[in-house]
Amino acid sequence: MNNDERKPRLHINIGLLVIVIIIVLILFKVDIRSKIKSPQFQNNLSFIEEQVKETWQKYVSDPLKEKAGGLFVDITNQSIQKIQDNFTKDVLKMPSDEEIDKIIK
């Protein structure tokens with residue numbers, strides 16, 4: 001059994017779980033709208049959002065930026081070195097007087 005066959009079951013099970021939770025809340029006459037709009041629930045959502053952003057920044061975004069930044073600097077330095085080497089080899093190479101005489105004749 002490969003992973004592709006298992007994914008739809010997971011989606012169906014989570015969807016079924018959400019539907020069952022909503023039905024149970026309705027049966028117990030819980031006002032879902034007032035609970036969601038309550039300041040306490042909003043504060044909890046804000047806290048969770050801040051924690052997720054902080055974790056993302058700390059463990060994913062910042063390390064990726066550091067590695068990508070270092071890689072960019074390395075590639076840039078290598079390219080600049082190649083340009084300088086080519087410039088030195090081609091442009092700054094001055095022909096001697098004998099070579100100039102040969103070219104003119």
**Study point:** Residues that are among the polar types (S, T, N, Q), surrounded by 10 or more Cβ atoms within 10 Å (Cβ to Cβ) and over 28 Å from the mean Cα position of the chain (by Cα), drawn from region 14-56
**Key:** Ser38
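If the requirement is being of a type outside the set (D, E, K, R), at pLDDT 80 or above, more than 18 Å from the chain's Cα centre (by Cα) and in a helix (DSSP H, G or I), which of these qualifies: Thr88, Thr76?
Testing whether each residue is of a type outside the set (D, E, K, R), at pLDDT 80 or above, more than 18 Å from the chain's Cα centre (by Cα) and in a helix (DSSP H, G or I) leaves just Thr76.
The values are calculated or read from the model by the stated rules, or taken from the named source; none is laboratory data. Quantities reported herein were computed from a predicted structural model and do not represent experimental measurements. As a convention, Cβ positions derive from the backbone with ideal geometry for all residues, glycine included, and neighbour counts pool all protein chains shown.
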